[in-house]
């Protein structure tokens with residue numbers, strides 16, 4: 001399959017190139033960057049030297065790129081993918097957007113949280129969280145790749161919401177991310193002296209991944225859901241650890257919680273059920289497409305605590321996109337992704 005990567009110089013774009021290089025069914029034909037047009041990708045990312053001797057193009061030729069591609073991966077900030085989607089909507093090329101533009105069923109929710117008008121409201125899109133929506137992903141024209149915090153948190157909570165074991169409006173998500181999740185652009189809070197030996201929360205009550213988690217919980221449980229989500233930044237480059245809390249419904253037992261996870265994920269390759277009492281960690285999934293899950297039931301407070309660990313650049317971004325690509329093409333989902341995590 002001929003694939004192109006728009007926004008190839010961001011961390012997610014570069015990670016996508018790393019994964020696609022080892023994919024036996026994908027040929028990267030175009031890569032773009034508006035800020036580095038004309039430069040070679042390996043001059044910006046030397047780890048790709050000898051692997052990609054490609055020049056970065058401009059998106060001004062997007063129709064030509066679309067005609068030459070079977071799939072276009074979009075690794076651009078929110079607000080940019082919609083224009084691409086509109087310009088390519090009459091071509092047979094399919095789109096996987098790693099940004100937020102096509103993640104929401106209700107575009108008014110997108111506009112309220114992202115503060116830009118949604119200009120492609122009628123786009124034929126599906127939500128790209130592979131383990132939960134693969135039947136819809138198979139034939140989708142546009143796949144809105146799930147976000148990083150959302151992937152970790154939704155996968156942690158999905159079995160409980162789907163089996164109606166929790167009071168969904170009691171959900172609290174406390175998640176920590178490595179700094180690569182903030183992007184490659186220079187920002188004072190991410191400057192080494194600010195970040196090193198430091199640990200802080202940010203965007204409490206207003207992080208844009210909040211409505212994405214709520215949308216999935218509402219869909220899975222059938223109950224309108226409002227959650228509390230607080231993200232944190234930790235001084236590491238990769239990884240997300242999401243700790244999710246919820247009150248159990250009356251009569252729910254530990255055995256029912258265990259069975260819910262096994263029922264939904266027992267056959268899933270990329271979901272590793274570490275089980276009751278486990279403590280997943282980010283280093284155990286680093287560089288891989290795995291999501292490790294462990295859970296605890298607090299009999300005293302009648303709450304369940306689920307811990308989820310992913311690599312934010314792989315399962316939380318580029319790996320998820322390749323997994324969606326595999327589903328959409330009818331390939332084995334593990335193709336190009338079946339690597340062992342890096343340790344230590």
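Within segment 262-283, can one find any residue that is in a strand (DSSP E or B), within 15 Å of the chain's Cα centre (by Cα) and either at pLDDT 95 or above or surrounded by 17 or more Cβ atoms within 10 Å (Cβ to Cβ) (or both)?
yes
Counting residues that are at pLDDT 95 or above, which helices (runs of 4 or more DSSP H) fully inside segment 142-242 reach at least 3?
Result: 148-162, 210-221.
For segment 14-70, name all the residues that are more than 25 Å from the chain's Cα centre (by Cα) and under 20 Å from residue 88 (Cα atoms).
Answer for segment 14-70, where residues must be more than 25 Å from the chain's Cα centre (by Cα) and under 20 Å from residue 88 (Cα atoms): 57, 58, 60, 61, 63, 64, 67, 68.
Picking from 65, 41, which residue would you name as being in contact with a strand residue (DSSP E or B) (Cβ under 8 Å, 6 or more places away or on another chain), under 20 Å from residue 313 (Cβ atoms) and surrounded by 20 or more Cβ atoms within 10 Å (Cβ to Cβ)?
Just one listed residue meets the conditions, 41.
Kindly indicate whether any position in segment 104-112 is buried (at least 21 other Cβ atoms within 10 Å of the Cβ) and within 25 Å of residue 238 (Cβ to Cβ).
no
Using beta carbons and a limit of 6 Å, which pairs, at least six apart or on different chains, have the first residue in segment 158-172 and under 15 Å from residue 210 (Cα atoms) and the second one surrounded by fewer than 17 Cβ atoms within 10 Å (Cβ to Cβ) and modelled with pLDDT of 95 or more?
The qualifying pairs are 168/223; 169/226; 172/228.
Which numbered condition in (1) touching a strand residue (DSSP E or B) at 6+ places or on another chain (Cβ under 8 Å); (2) under 21 Å from residue 101 (Cα atoms) is the only one that residue 206 fails?
Of (1) touching a strand residue (DSSP E or B) at 6+ places or on another chain (Cβ under 8 Å); (2) under 21 Å from residue 101 (Cα atoms), only one is false for residue 206: (1).
Could you check segment 78-141 for helices (runs of 4 or more DSSP H) lying wholly inside it with 1 or more residues that are closer than 17 Å to residue 7 by Cα and out of contact with any strand residue (DSSP E or B) (no Cβ under 7 Å at 6 or more places or on another chain)?
Result: 81-88.
All but one of (1) touching a helix residue (DSSP H, G or I) at 6+ places or on another chain (Cβ under 9 Å); (2) surrounded by 15 or more Cβ atoms within 10 Å (Cβ to Cβ); (3) free of Cβ contacts under 8 Å to residues at least 60 places away in the same chain; (4) not in a loop (DSSP other than H, G, I, E, B) hold for residue 72; which doesn't?
So residue 72 meets the others, but not (3).
Considering each residue of segment 188-197, count those that are touching a helix residue (DSSP H, G or I) at 6+ places or on another chain (Cβ under 9 Å), loosely packed, with under 12 Cβ neighbours inside 10 Å and touching a residue at least 12 places away in the same chain (Cβ under 8 Å), and give that number.
Qualifying residue count, segment 188-197: 0.
The values are calculated or read from the model by the stated rules, or taken from the named source; none is laboratory data. Just so you know, these numbers come straight off a predicted model, no measurement behind them. Using ideal geometry, Cβ is built from the backbone for each residue, glycine included, and neighbour counts are taken over all protein chains shown.
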